[in-house]
């Protein structure tokens, strides 16, 4: 018996991606907060020493959609693939990271590598868990290049200066993302 009907999970990711696309166009990411449960966990790796983790919708709203997206106005993150496991109620979405600037070839500046999100659906049009993955090194290279060209927003410049002092950044030994996976197949 599936965790949720496949059609419901398909509709959930459709709604989420549509809102994500609109947020990219508007530059205001807060509308995505409604898609998380009150106790959701949202995390990603930020290099060999740090993890980012937001616990609960309020931290997701303030940190993921606030401080982490500050200065990334008009960046877009189009989804190119959605993989659904309706038995576990999970989705993997693969996305691109595209800046609102063009390179010398006239094409939009894009962070190389694969970006993605692994979601766990909780019903009621909300995620209870999300783990992002992307190429942190390539992201840093793009930000540095935009900084050198004077194209990085003042908010993003300030954020880069703060580095690991951003809210939600914790030392890897303080947060075991692996332990937050429900129904691990290697257990």
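The values are calculated or read from the model by the stated rules, or taken from the named source; none is laboratory data. Predicted model, so just to flag it, every value in this text is computed and none were measured. Positions of Cβ are generated from backbone atoms using ideal geometry, with glycine treated the same way; all protein chains shown enter the neighbour counts.
Taking the stated definitions as given, is residue 163 assigned to a helix (DSSP H, G or I) and closer than 16 Å to residue 68 by Cα? The answer is yes for residue 163.
Residues considered: 2, 48. Of these, the only one that is under 18 Å from residue 129 (Cβ atoms), surrounded by fewer than 17 Cβ atoms within 10 Å (Cβ to Cβ) and modelled with pLDDT under 95 is 2.
Taking the criterion of being more than 21 Å from residue 120 (Cα to Cα), in a helix (DSSP H, G or I) and under 13 Å from the mean Cα position of the chain (by Cα), would at least one residue in segment 73-81 satisfy it? No, the conditions are met nowhere in segment 73-81.
Residues considered: 109, 76. Of these, the only one that is closer than 20 Å to residue 35 by Cα, without any contact (Cβ under 8 Å) to a residue 60 or more places away in the chain and touching a helix residue (DSSP H, G or I) at 6+ places or on another chain (Cβ under 8 Å) is 76.
Identification of strands (runs of 3 or more DSSP E) wholly contained in segment 82-152 with 2 or more residues that are crowded, with 19+ Cβ neighbours inside 10 Å yields 90-95, 115-121, 127-133. Would you say residue 66 is modelled with pLDDT under 95, surrounded by fewer than 19 Cβ atoms within 10 Å (Cβ to Cβ) and not in a loop (DSSP other than H, G, I, E, B)? Yes. Only a single item in (1) assigned to a strand (DSSP E or B); (2) under 13 Å from the mean Cα position of the chain (by Cα); (3) within 15 Å of residue 126 (Cα to Cα) is not met by residue 39, and it is number (2). Of all the numbered requirements in (1) within 25 Å of residue 185 (Cβ to Cβ); (2) in contact with a strand residue (DSSP E or B) (Cβ under 7 Å, 6 or more places away or on another chain), residue 16 misses one, and that requirement is (2). Restricted to segment 24-36, and to residues there that are touching a residue at least 24 places away in the same chain (Cβ under 8 Å) and touching a helix residue (DSSP H, G or I) at 6+ places or on another chain (Cβ under 7 Å), the residue that is surrounded by the most Cβ atoms within 10 Å (Cβ to Cβ) is 36.
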